[in-house]
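Readers should treat all values here as calculations from the given coordinates under stated rules, not as data from a laboratory. Predicted model only: the values in this text are computed from it and were never measured. Every residue, glycine among them, receives a Cβ derived from its backbone with ideal geometry; neighbour counts consider all protein chains shown.
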Amino acid sequence: MSQAAATRTDFQDDPDHHGSDDGDKKKSRRPANTAFRQQRLRAWQPILTPRSVLPIFFVIGAIFAPLGGVLLWASEQVQEIIIDYTDCDTLAPLSSTAALPSGRVTSSFKSSAQTSVTTWQRNETDEATKTTGCSLFFDIPEPLGPPVFLYYKLTNFYQNHRKYVQSLDTDQLQGKVVDNATISGSTCDPLTTDPATGKAYYPCGLIANSLFNDSISSPVLVNEETYNMTDKGIAWPSDKEIIKTTKYNYWQVVPPPNWRVKYPEYTAENFPDLGNDEAFMVWMRTAGLPTFSKLARRNDTTAMPAGQYRLDIQSTIHSNCIIVNSTVRDYSVYRPSPGHDSRKLLFLSFQCRRPGIILAGTWTCFLRNDLYNMHRILRHTLLLAIVSITVFTGSVIASTRRTGEHEKVNTIQNSSSEEAQRQWLPQQRGVCGTEEPSSQLKDVHKRLSLTQYRHAAGGGVDGNASLATADSFPRIYVETWFHVVSTSDQADLVTNSMISSQFQYLQQAYQNTSIYYKLMGVDHSVNDTWARNWDSTAMKRTLRKGSYGALNIYFQTDLEVPDPAGASSRLNLNASFNHRYHDDGGHDLDERDVASSSPSPNLLGFCTLPNPEINDTSNIDDYFNDGCNILASTMPGGSIEHYNRGGTTVHEVGHWHGLLHTFQDQTCAVGASGDYISDTPQQSTPTEGCPAWKDSCPDLPGLDPISNFMDYSSDDCYQSFTREQAMRMRSMWATMREGK
């Protein structure tokens with residue numbers, strides 16, 4: 001990065017500068033240099049590997065597998081009978097018994113004794129109460145309990161509807177006297193006050209109005225011995241804290257519309273005591289799902305004897321759902337919906353083993369009922385199969401070698417050769433062999449940087465890289481030749497598809513610069529010496545095409561440093577690298593060692609920078625070696641993982657256009673020239689791979705530009721050039737290559 005302060009100093013010291021007085025200061029729009037404003041806040045991102053993740057799952061499994069086993073065992077201990085008595089008031093025979101339709105009865109008992117068929121019977125409708133009696137006859141094969149629980153279950157009844165859940169008044173339920181005006185505007189809407197009298201409904205709201213009011217008696221043996229069950233103790237203590245005995249006088253309120261069968265009107269003798277009505281409390285705790293069960297009766301002290309029982313029900317509520325229309329206030333809108341297949345069921349559940357013990361009793365009863373239709377054997381078999389597969393897979397993964405554990409590879413384990421050491425270096429972009437810029441080229445960068453700053457200060461579009469778009473630049477077309485040079489044993493390594501993909505990637509990468517490439521030709525050569533770059537002079541004198549403004553790219557299958565003796569000069573940029581690698585013997589290898597070895601798998605490519613000494617009178621002998629040398633394996637479809645999308649070619653062509661590395665000079669010193677580009681944050685180390693973020697100069701603004709093509713990031717991290725980089729390449733083209 002070219003620091004703004006240094007650029008301004010050069011600009012102000014320039015004798016040609018005719019700006020405002022030194023006393024005039026422009027307000028800086030740069031954010032404050034804080035961790036928050038500069039997006040340098042520390043973050044923690046876990047590295048998920050099999051070795052770190054699997055133990056967590058095993059620990060969780062060790063905790064919950066026994067718990068799940070206990071729950072399944074407890075579920076198996078539950079004995080129950082479930083009877084669907086939907087439409088008993090219409091389908092059951094009058095004054096005689098008949099078997100229930102198929103599928104209406106399910107049971108689970110430990111005893112294998114034969115039981116009689118469950119039957120039902122309908123009684124005459126009571127015109128006064130508008131109720132129809134229904135009797136259910138069923139067998140209990142052995143004494144059961146205690147405790148014994150009797151539930152009712154409804155299906156397709158949406159107590160979780162938002163308007164339904166909100167339709168109550170908590171103050172009224174707490175026993176407070178709430179005046180009619182307050183009730184009228186409360187959440188009880190649309191059941192707030194009686195249209196005829198103007199009095200408040202008590203209790204108001206949809207939940208209370210739709211109370212399940214089938215009357216269920218205690219079971220009776222055929223010898224007329226009643227097994228007593230109570231509706232006390234069925235509500236939760238928290239529900240008893242919410243609902244209290246009212247302070248209303250009976251003449252102040254009226255019953256909800258659906259209560260008028262039981263309460264035609266409130267009187268001193270016929271007034272509900274909701275503070276002691278646990279069935280009402282149970283109903284007011286709304287269910288989260290449309291199919292739910294609620295406790296109706298229980299017996300915690302006496303076992304239920306074996307025998308045939310009769311259970312009498314006075315059926316009032318219709319089996320279908322209730323539709324709520326909040327825009328109409330007449331109670332008649334709460335009507336059965338014949339389009340919904342709603343069901344009413346009763347089930348007796350035994351031996352829940354004291355519901356007070358870790359809540360297992362009541363829970364397993366519900367669990368058992370709600371999942372009853374799933375075949376128990378199949379369910380348990382699937383559970384065991386899933387656990388077995390998971391444990392086996394986890395064990396296999398956990399026992400395999402960890403990523404990068406190269407000593408486990410037989411071909412490398414006992415080898416101490418330099419070839420083995422190089423082969424298993426940590427994967428990273430490798431060395432870019434482009435030369436350090438000459439002092440002349442640096443001077444050109446300084447001049448162009450100053451020119452761009454002047455244009456930006458004056459509002460010129462050409463210089464304002466942050467505002468200019470690719471469409472605002474005239475197009476530059478670069479004649480381009482691809483030369484594929486292979487060894488005899490890799491003559492077919494580079495395919496036509498790879499060449500086409502590489503050219504498309506090159507075009508796409510430079511779109512925002514308005515620089516385009518015209519592929520003039522592609523040639524193939526098989527020459528072991530040229531493919532290894534051992535005779536670069538002969539290769540380029542033979543293959544090079546076009547003028548100094550023509551781009552020649554040599555894709556070589558076995559690219560090496562052309563002159564090992566001069567490798568240090570070509571790779572000066574590596575002299576300050578802090579990254580070191582270790583071979584399996586514990587010895588240090590640095591990138592210069594790798595680069596100067598033969599062959600050099602760590603060298604991915606290099607390009608010639610623009611030469612300020614070349615002019616329009618120069619002949620080809622002055623620039624025949626101009627161009628880019630690229631390791632062919634970095635082309636799209638190549639063999640180097642994460643570096644085989646074509647990014648190396650884009651990176652090196654950036655050098656051909658005059659750009660330097662974003663980490664040039666590798667320093668965080670304030671005022672350092674860096675890459676002479678002001679919109680790339682200063683960077684002191686090259687990027688390896690594709691990290692989430694990186695900040696090698698934390699005390700300076702901005703994060704490292706890891707997605708910039710001129711960093712060392714992996715291909716999957718590369719995204720674009722900055723606007724000022726685009727301007728610099730265009731300026732370099734016009735100054736150094738166009739017409740030469």
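Ranked by Cβ crowding within 10 angstrom, fewest neighbours first, how are 80, 224 ordered?
Least crowded to most crowded, the residues run 224, 80.
Run the quick spin-label model on residue 130 and residue 67: label points 7 Å from Cα toward the beta carbon, then report their separation in nm to one decimal.
Label-label distance for residue 130 and residue 67, simple model: 4.9 nm.
Taking the number of other C-beta atoms within 10 Å as the exposure measure, put 265, 76, 688 in order starting with the fewest.
Least crowded to most crowded, the residues run 265, 76, 688.
With Cβ to Cβ distances under 10 Å as the rule, what net charge do the other residues near residue 217 carry (K, R +1; D, E -1)?
That sum, taken over residues with Cβ under 10 Å, equals +1.
Return the FRET efficiency for the residue pair residue 99, residue 142: r is the Cβ-Cβ distance, R0 is 30 Å, and the value is rounded to the nearest 0.05.
Given R0 = 30 Å and the Cβ-Cβ separation, E is 0.85.
Rounded to the nearest 0.05, what FRET efficiency do residue 622 and residue 492 give with R0 = 51 Å and r taken as the Cβ-Cβ distance? Could you check?
0.90
Note the full-extension length gain between residue 29 and residue 679 as 0.36 nm times their separation in residues minus their Cα-Cα distance, in nm to one decimal.
So the extension gain works out to 232.6 nm.
Could you point to the residue in 201, 305, 219 farthest towards the positive end of region 79-351's charge dipole, with +1 and -1 charges on the Cβ of Lys/Arg and Asp/Glu respectively?
Final value for the positive-end residue is 201.
Apply 1/(1 + (r/R0)^6) to the Cβ-Cβ distance of residue 740 and residue 51, taking R0 = 51 Å, and write down the FRET efficiency to the nearest 0.05.
Working from the Cβ atoms, E equals 0.30.
How would 254, 526, 494, 59 line up from fewest to most surrounding beta-carbon atoms within 10 angstrom?
With the sparsest Cβ surroundings first, the list reads 59, 526, 254, 494.
Under 19 Å from a label point 7 Å along Cα→Cβ of residue 77: give me every residue in region 207-242 with its amide N that close.
Correct set: none at all.
Sort 41-47, 304-310 by packing, meaning the average of other beta carbons within 10 Å per residue, with the highest value first.
304-310, 41-47
Using the structure shown, list the pairs from 694/740; 518/694; 110/130; 153/176; 153/244 with a Cα-Cα distance above 29 Å, or answer none.
With Cα atoms farther than 29 Å apart: 694/740; 518/694; 110/130; 153/176.
Quick one: divide the alpha-carbon radius of gyration of region 79-351 by 2.2 N^0.38 Å and tell me what you get.
1.06
Quick one: grab the alpha carbon gyration tensor of region 640-704, order the square roots of its eigenvalues as a ≥ b ≥ c, and give me rounded if a/c is under 1.5, else prolate or oblate depending on whether a/b is larger than b/c.
oblate
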